[in-house]
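The structure under discussion appears below in the form of structure tokens.
Please treat every number below as a calculation from the coordinates, not as lab data. Nothing here was measured: the structure is a model prediction, and the numbers come from that model. Here the Cβ is made from the backbone with ideal geometry for all residues, glycine too, and neighbour counts use every protein chain on show.
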Amino acid sequence: MGDKVVIKTEEDKEFTIISFTLSENIEPSILREITPPKINSRKGLIISGRGPIWLYGFLIHYYHSTPFIAVYDPRLGAVVIETHVPSIKVGDVLDIYIDGEG
């Protein structure tokens, strides 16, 4: 992975935010080298970053057991795309702002 894909985590009371940045264009073979950071699996997850859809798919699959997963859209907030929590529905938008993403 080196410094081509840099992944940072930020903890909130109810969720973890994973933000990634790319230092250059990446190829799909890099997925073999990525080890996503450990997070508190009892919290939801928000994924943020500008990158290829297959990188998002990889991260979503990796963290599928979290209570919910949302992807950050700077125009809307965090859009829930997967949930195991009755109070949070797919399509819900969490009103958050991630600095540097918009």
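Here are some values of Rg and Dmax of the Cα atoms in Å: [x] 13.2, 39; [y] 22.2, 72; [z] 19.4, 71. Which one was computed from this structure?
Read-out taken from this structure: [x].
Take every Cα pair under 8 Å in the chain that's 6+ residues apart, average their separations, divide by the length, and report that relative contact order as a whole percent.
On the way: 170 pairs, mean separation 19.6, N = 102.
19 percent.
Mind putting a number on the dipole of the chain about its Cα centre? Charges go on the C-beta only, +1 for Lys and Arg and -1 for Asp and Glu, and I need it in Debye to the nearest 20.
Its charge dipole is roughly 260 debye.
Roughly speaking, what is the centre-to-centre gap between the stretch 46-98 and the stretch 3-19 when only Cα atoms are used, to the nearest Å?
Answer, in whole Å: 12.
Taking the Cα-to-Cβ direction at K89 and at N40 and moving 7 Å from each Cα, how far apart do the two end points lie in nm?
2.7 nm
Taking every DSSP beta bridge that has both residues in the chain, what percent is antiparallel when rounded to the nearest 5? Could the numbers behind the result be given before it?
Working: 15 of 24 bridges.
That works out to approximately 60 percent antiparallel.
Just to confirm the number: angle between the C-alpha axis of helix 53-62 and the first principal axis of the chain, 0 to 90 degrees, nearest 10?
Tilt of helix 53-62: around 60 degrees.
Mind giving me the nanometre distance, one decimal, between the label points for E10 and I81, set 7 Å out from Cα along Cα→Cβ?
Rounded to a tenth, the inter-label distance reads 1.9 nm.
Are there any GluC sites (Glu not before Pro) in the chain that are in a DSSP loop and have at most 14 other Cβ atoms within 10 Å? List them by number. Write down the numbers at each step before the final one.
On the way: sites: E10, E11, E14, E24, E33, E82, E101; in loops: E14, E24, E33, E101.
Filter output for the chain: E14, E24, E33, E101.
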